[in-house]
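Encoded as structure tokens, the structure appears first; notes follow it.
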Amino acid sequence: MMAVTSACKDGGMKMQMDNGKYVRYTPEQVEALERLYHECPKPSSMRRQQLIRECPILSNIEPKQIKVWFQNRRCREKQRKEASRLQTVNRKLTAMNKLLMEENDRLQKQVSQLVYENSYFRQQTQNTNLATTDTSCESVVTSGQHHLTPQHPPRDASPAGLLSIAEETLAEFLSKATGTAVEWVQMPGMKPGPDSIGIVAISHGCTGVAARACGLVGLEPTRVAEILKDRPSWFRNCRSVDVLNVLSTGNGGTIELLYMQLYAPTTLAPARDFWLLRYTSVLEDGSLVVCERSLNNTQNGPSMPPVQNFVRAEMLPSGYLIRPCEGGGSIIHIVDHMDLEPWSVPEVLRPLYESSTLLAQKTTMAALRNLRQISQEVSQPNAAGWGRRPAALRALSQRLSKGFNEAVNGFTDEGWSILESDGVDDVTLLVNSSPGKMMGANLYANGVPSMSNAVLCAKASMLLQNVPPAILLRFLREHRSEWADRSIDAYSAAAIKPGPCGLLGSRAGGFGDQVIHPLAHTIEHEEFMEVIKIENMGHYREDMIMPAADIFLLQLCSGVDENSVGTCAELVFAPIDASFSDDGPILPSGFRIIPLDSRMDAPSPNRTLDLASALEVGPAGSRASGDNAGHSGNTKSVMTIAFQFAFEIHLQDNVASMARQYVRSIIASVQRVALALSPSRFGSNSGFRPPPGTPEAQTLAGWICQSYRCYLGGDLLKSEGSESILKSLWHHSDAILCCSLKALPVFTFANQAGLDMLETTLVALQDITLEKIFDDNGRKTLFSEFPQIMQQGFMCLQGGICMSSMGRPISYERAVAWKVLNEEETAHCICFMFINWSFV
């Protein structure tokens, strides 16, 4: 048989014989092969033979030749995709290189300016020292002030006056975007590159807070400007933007007068509003510019009277410089510069309004992420989750966020009114029975209105210390049963459906496991959306009647990356119907945790959810140096909680009482979890006092090792002296768990491997009983041998099967159990070690 190979060129129409000559496939043969390739790029031997039988034009080609053709066709396809990818990367690198060169030029100008100013001030200082009269000194000082702070000429509300303000705004914005008007420093944790969001910088030493970003987006400049001007569509904190007047300029630009309102991020501070001028124009080089600034009395422009419940903030010249990019897309420069009037909030909250890092995270980078996400949606419009396109999922996430912000702020112009307190002001209750609210919540299903005709919101804020927001939020997401009352989840789900939902009933049934279904990730994986299904088997509170149906929650989670600096962490969810349409009812509730640490440029370490906070604690209670040192000290954050309940108006008193008690129980649960997750959890200086009879973790670790040596005659840890016993025990490769000496033993301690094996955390560990992890045979063996442990002090178990807290089977090679003695030589607990375990 002759050897045949096919060339990877000429469209696959050549094949080479062993005599060195080439023959061509006919166009008909190539067309037939291409059809099959698009149906099946890698056909089996039988499929290739079937193709020869079905296509007479291929009858003169051997199956081996067809196999080689498909190999080369796949080779060409792979080469084409790789070439396309490399071209895309090359375009990004070229554009990024251009940005970096511009940034380098700007920094060189800034250095030159600083050198000049340094020389200038040195000369002025020398002149001042030589001066002999007060008059000359005043002249020098006045001259210096005039050089640094030039006076703005007066303006008025006429079109010419507004154009003058607009041109001045444009010049100041460009000096910030590409010049040296503001000293920019790179934002911590941001590294430029082809896959990064862009170059992000924050201000240093300027008035107010400012952030700047440069990036690439795959959208044309006019589309970019259109998206960015629609601020409520991408800026989650923006409540509304009203365009009150529009003027066209002689140079083809547009001047707009805007009134903008921003939500307050917490219940402890008032919302902000802005009275703005926005100027859109095209530069001589074809770049599109959208710049904005606040209008105030110093400019003699049009004014806007103060609005009740809002603090008037100031936007200094800010905006967007959008330039077309070679090969398509745009290069964009974003500048956000604001004075958020921090004097108007309690001192503990002022870091929220004085942090350029928070401004960059919530506003500047949010604009870039939204543009990149829309660009990706245009290039990949296929469904992303539950049969929905990415744009629909983005709209859903926006609805969740907006609904939660409305609940936190509770504006009176939306129909909210405060209910009378019960004497304790920790939880605020508001009620809204306006038709606009009910239609906004869309409490309808299949065209039938829900029986609920009002919404009650219970909200509160609390200060947290020494708990990283990302870790706490991740725990709340992954361990909902630690804080949520699932019967209230069932009530909330039933309240948005047609049919009665009362507050009388009896207890019956129960709830199954929580199942999380990923729905979508946004650009950069900064946030994700998911659907939670909770199996409801008819568990009723004594004061509620709900149908026994599965509970579905639509959930939005963001800020769970511990390495992101200054990130706000949010967990927002809403009950939904199983059918769940895009315009279905959404009544969001949830948590928001915002860091208050003014030192947001410190690196954020990687930590586990459980005992890692205790592992670096020295004998004096202070954390050791190393990667985890970033969370040392007294870091603070503020958590805002808001829960909404749809109800029938005649049941307001009952629902109010239930909601108040529920939110208070959530606050207590969060405080308990926060204490457990605090880095100073086991530190002697932390103020933590364990329950009576419960040892500190370090002491317990010593008891475990000493008792093991006493009963089994060997060392549990290889080298106890090189590092703390607790840390060595925590990182032990085998699962080590302690359980109490009670009639129904429960687990009280576990190392990292033990928590991984049980699929739980230290907080949830104490809800797991010893018998729960064994099957019937395992329980019989354990309880029959248990007296041996108390008499002999230890017991060895043969390999077998146990269960995690999530119901997953676990196999282990063997297990050892021994009695743990305290300092008084009395039994404190039983310790189990499962050796060489793995999930089945």
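What shape does segment 156-379 take by its C-alpha gyration tensor, where a ≥ b ≥ c are the square roots of the eigenvalues and a/c under 1.5 counts as rounded, a/b above b/c as prolate, and the rest as oblate? Oblate, since a/c reaches 1.5 and b/c is not below a/b. FRET efficiency for the GLN71 to GLU28 pair, using the beta carbon distance and R₀ = 25 Å, is estimated at 0.75. Apply 1/(1 + (r/R0)^6) to the Cβ-Cβ distance of GLN766 and MET806, taking R0 = 22 Å, and write down the FRET efficiency to the nearest 0.05. The calculated FRET efficiency here is 0.85. Taking only the C-alpha atoms of segment 32-114, the Rg (one decimal) and the largest Cα-Cα distance, Dmax (whole number), read 25.2, 81 Å. For segment 316-330, putting each phi into the Karplus relation 6.51 cos²θ - 1.76 cosθ + 1.60 with θ = phi - 60° gives couplings of 7, x, 9, x, 9, 10, 10, 10, x, 10, 4, x, x, x, 9 Hz, in residue order, rounded to whole numbers and with x for Gly and Pro. By its C-alpha gyration tensor, with a ≥ b ≥ c as the square roots of the eigenvalues, how is segment 48-88 shaped: rounded for a/c under 1.5, else prolate for a/b larger than b/c, else oblate? Prolate shape, in that a/c is at least 1.5 and a/b is the bigger ratio.
Each label point was placed 7 Å from the Cα along the Cα-to-Cβ direction; for GLN108 and ASP242 their separation is 5.0 nm.
Could you work out how far the C-alpha centroid of segment 340-368 sits from that of segment 405-437, in angstrom? Distance between centres, Cα-based: 25 Å. How many angstrom lie between the C-alpha centres of segment 156-185 and segment 771-817? The two parts, judged by their Cα centres, are 74 Å apart.
Ranked by the mean number of other Cβ atoms within 10 Å of their residues, highest first, the peptides 323-329, 804-810, 169-175, 425-431 fall in the order 169-175, 425-431, 323-329, 804-810.
With the highest mean first, a sort of the peptides 697-710, 212-225 on other beta-carbon atoms found within 10 angstrom per residue produces 212-225, 697-710. Amide H contacts of LEU821: SER707, HIS828, each under 5 Å away and 5 or more positions distant or on a separate chain (H built 1.01 Å from N in the peptide plane; Pro and chain starts excluded). Given R0 = 30 Å, the distance between the Cβ atoms of CYS710 and ASP756 translates into a calculated FRET efficiency of 0.60. A probe of 1.4 angstrom, applied to the heavy atoms of all protein chains, finds LEU744 with accessible area near 90 square angstrom. Put one equal scatterer on each alpha carbon of segment 732-839, apply the Debye formula with no solvent term, and list log10 I(q)/I(0) at q = 0.09, 0.10, 0.14, 0.18 1/Å to two decimals. For segment 732-839, the Cα-only Debye profile gives -0.20, -0.25, -0.49, -0.85. Accessible surface calculations at 1.4 Å, restricted to protein heavy atoms, place segment 32-114 at 66 Å² per residue. Which entries of LYS718/LYS742; LYS459/LYS742; LYS98/LYS229; LYS176/LYS459 have Cα-Cα distances beyond 29 Å here? Over 29 Å Cα-Cα: LYS718/LYS742; LYS459/LYS742; LYS176/LYS459. Expressed as a whole percent, the accessible surface of segment 737-840 that belongs to carbon and sulfur atoms is 49, based on a 1.4 Å probe. Overall, the anisotropy analysis places segment 260-341 in the oblate class: the square-rooted eigenvalues a ≥ b ≥ c of its C-alpha gyration tensor yield a/c not less than 1.5, with a/b not exceeding b/c.
The values are calculated or read from the model by the stated rules, or taken from the named source; none is laboratory data. What you see is a predicted model, and the numbers here were worked out from it, not measured in a lab. A quick note on method: Cβ atoms are made from the backbone with ideal geometry, for glycine too, and the neighbour counts reach across all protein chains shown. For the accessible areas, the whole protein counts, side chains as well, though only heavy atoms, and no ligand, DNA or RNA atoms are used. Shrake-Rupley method; radii C 1.70, N 1.55, O 1.52, S 1.80 Å.
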